[in-house]
1. Could you list Arg141, Arg75 in order of exposure, starting from the residue whose Cβ has the fewest other Cβ atoms within 10 Å?
2. Add +1 for every Lys or Arg and -1 for every Asp or Glu among the other residues with Cβ under 14 Å from the Cβ of Leu82, and state the total.
3. Note the angle between two axes, namely the Cα long axis of helix 126-141 and the longest principal axis of the Cα atoms of the chain, as a number of degrees from 0 to 90, rounded to the nearest 10.
4. Can you give the direction-averaged projected area of the convex hull of the alpha-carbon atoms in the chain, in nm²?
5. Take every Cα-Cα distance within region 71-143, group them into 5 Å bins from 0 onward, and report for each bin the whole-number percent of pairs it holds.
6. Quick one: angle between helix 76-99 and the longest Cα principal axis of the chain, in degrees between 0 and 90, rounded to 10, please.
7. On C-alpha positions alone, give me the angle between the axis of helix 5-53 and the longest principal axis of the chain, in degrees, nearest 10.
Amino acid sequence: MTHDPVFTLSFALPIILTSLGIFVAVLAISLSYLKRKHIFTLYHQERMAALEKGVDLPPLPDALLTEDAKVRNPRRLLLRGLVWLFVGLGIIIAGFCSSGLKHSLFGLIPAGIGLAHLIYYAVAGKEEADLYQQERLAALRKP
């Protein structure tokens, strides 16, 4: 009994891509943790050196102590939406060209995620992006 390579690939590719996605997510979380740990270590060393020299300690930055230390640009929602949408469209086109309509329907999942990001950006993300831009400009103007 022979197996059609396109049929086998259509089942293996989502598993491989999902595994790769999980690996990338775990790697990103690990690197973020290590970066945060390194920053805490540097602040600790700086504060200990200041204590040894008798220098007044400056207060720790608020961003260091809060979980929302990373302020993300809301325009990233637009980028994410476009990426997901075009990945979905690529899967739909590739599936339709290789095995017809049956396998191309899997592309509707990432395309739907992309559309959801784009709709959210159109409804609320533009206002968030404008506020974010105004805050950045105000922070740059401060002496």
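1. Placing the least packed residue first, the sequence is Arg141, Arg75.
2. +3
3. 30 degrees
4. In nm², the orientation-averaged hull projection of the chain is 13.6.
5. Taking all Cα pairs of region 71-143, the binned fractions are 4, 18, 18, 15, 12, 10, 8, 6, 4, 3, 2, 1, 0 percent.
6. 20 degrees
7. So the inclination is approximately 0 degrees.
Throughout, read-outs are computed from the coordinates displayed, never taken from laboratory work. Values in this document were obtained by computation on a predicted structure and should not be read as measured data. Counting neighbours? That spans all protein chains shown, and the Cβs are built from the backbone with ideal geometry, glycine included.
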